[in-house]
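Comments concern the structure below.
Bear in mind that the values in this text are calculations on the coordinates, not laboratory data. Predicted, not measured: the structure shown is a model, and the values here were computed from it. Neighbour counts run over all protein chains shown; Cβ positions are idealised from the backbone, glycine included.
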Ligand SMILES: [Zn+2]
């Protein structure tokens with residue numbers, strides 16, 4: 001895993017400040033159309049050309065990708081634990 005700095009942004013769902021992301025595959029820096037998961041609320045997000053995030057469309061193929069679904073499930077569990 002490798003962490004990358006991002007332009008300052010906010011999650012469109014929970015408003016959490018976003019200025020970094022961690023790659024779980026390949027260690028490559030993020031690029032347009034890559035997917036990510038909000039640390040604050042586990043929302044499924046997609047990077048735009050400026051590496052700002054938007055909510056992932058319901059028909060995005062990542063929503064059916066086993067690795068992404070599993071990673072999001074674990075993030076949802078982590079969000080829930082932090083809220084206790
Ligand atoms: Zn969020």
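Tabulated results
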quantity: Contact order normalised by residue count of the chain, Cα under 8 Å, 6+ apart, percent; calculated: 24
quantity: Expected-Rg normalisation [2.2 N^0.38 Å, Cα atoms] applied to the chain; calculated: 1.02
quantity: Residue-averaged [θ]222 nm for the chain, counting only DSSP H segments that reach four residues, each worth -39500 (n - 2.57); calculated: -7000 deg cm²/dmol
quantity: Inter-probe distance in nm under a simple model that places probes 7 Å from Cα toward Cβ, at residue 83 and residue 29; calculated: 3.5
